[in-house]
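The values are calculated or read from the model by the stated rules, or taken from the named source; none is laboratory data. What you are looking at is a predicted structure, and each value in this text was computed from that prediction instead of being measured. FYI the Cβ positions are ideal-geometry reconstructions off the backbone, even for glycines, and counts take in every protein chain you see. These accessible areas exclude ligands, DNA and RNA; they are computed on the full protein's heavy atoms, side chains included. Shrake-Rupley method; radii C 1.70, N 1.55, O 1.52, S 1.80 Å.
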Amino acid sequence: MNQKLVEQKVNGIRMRALIAGSGPPLLLVHGFPLSHQMWLPQIEYFQSRFTVIAPDLRGFGNSDISTGIVTMEQHARDLDMLLQVLNIEDPVSYCGLSMGGYIAWEFWKHFTDRLRTLILCDTKAEADSEEGITQRLKMADLVLRHGPEVISTAMIPNLISESSLQKQSHISEYLISMIEATNNEGIAASQKGMAARSDFSNQIKNIRIPTLFIVGSEDLLTPPEVMKQMCSQVPDSKYFEVSEVGHMAPMEAPDAVNQAMDDFLSDSL
Ligand code: MLT
């Protein structure tokens, strides 16, 4: 299959993305603090019918790092510029997980015409509480001082379900290796960006494109009730819950998630 890793100059940084296949564009936006590699099962599945674009966001994977703070809007602007330099003119199906979902709201706000459909996995629309912000800033400081190893193992129980932990230990190993390969500054900058993100909970009712919400039944960070509530607010939306999996549904249950995305895209495109 036609897959290539490209590097493009995007808003002053070098951004790396995996491009695979041909057909309507499907943009896969990873969660925190990961890289495009979390989407390998989706890339494999969709590349026969879509142009799959799976970037490493600023500060992650093999893309350049910005220090300080990287806002969700900055990530959305990077994605828009990446699509421009790749000459992707058709509106995209945007699929984002968690932080990739926070970025989706900004992308929708600033680049509505670039969107054909939205797929939101394990994410939420509201901003952080005061306590959440404090926790994030503490975590950013810890990572800056000691590196990603201090958080990687501790994050796993929040990322995957108990059942995935027991039956699919390769997933936790893979997640730990992705997190530990990420630069301190890159993690801290997006962590601060998430702490400062806008609240979209009163705006998502204005989304006017087909939207799919996917969530793991045991997602502790963005639980099914949160995703159902969002789905009920978006007019043309569907909800899909995957049993026995956690926050990383596309990695933990790739077959079920691919099928749900495929059904949705077949109906919507
Ligand atoms: C993610 O998976 O992207 C993170 O859990 C997002 C967050 O920390 O809120």
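Couple of notes before you dig in:
- If the condition is being closer than 15 Å to Pro25 by Cβ and open to solvent by 30 Å² or more (accessible area, probe 1.4 Å), then the stretch 89-110 contributes Glu89, Asp90, Pro91.
- Candidate set: the stretch 181-225, residues that are of a type outside the set (Val, Ile, Thr), within 12 Å of the ligand (Cβ to nearest atom) and not in a helix (DSSP H, G or I); chosen: the one most open to solvent (accessible area, probe 1.4 Å): Leu220
- Within the stretch 163-180, considering residues that are touching a residue at least 60 places away in the same chain (Cβ under 8 Å) and out of contact with any helix residue (DSSP H, G or I) (no Cβ under 7 Å at 6 or more places or on another chain), the one most open to solvent (accessible area, probe 1.4 Å): Tyr174
- Residue match in the stretch 57-64 (condition: open to solvent by 40 Å² or more (accessible area, probe 1.4 Å) and among the basic types (Lys, Arg)): no
- Qualifying residues in the stretch 231-259 (those that are under 17 Å from the mean Cα position of the chain (by Cα) and part of a helix (DSSP H, G or I)) - the one farthest from Ile156 (Cα to Cα): Asn258
- Qualifying residue in the stretch 156-164 (condition: more than 15 Å from the ligand (Cβ to nearest atom) and either part of a helix (DSSP H, G or I) or modelled with pLDDT under 95 (or both)): yes
- Inside the stretch 67-78, residues that are open to solvent by 10 Å² or more (accessible area, probe 1.4 Å) and touching a Gly at 6+ places or on another chain (Cβ under 6 Å) make up a count of 2.
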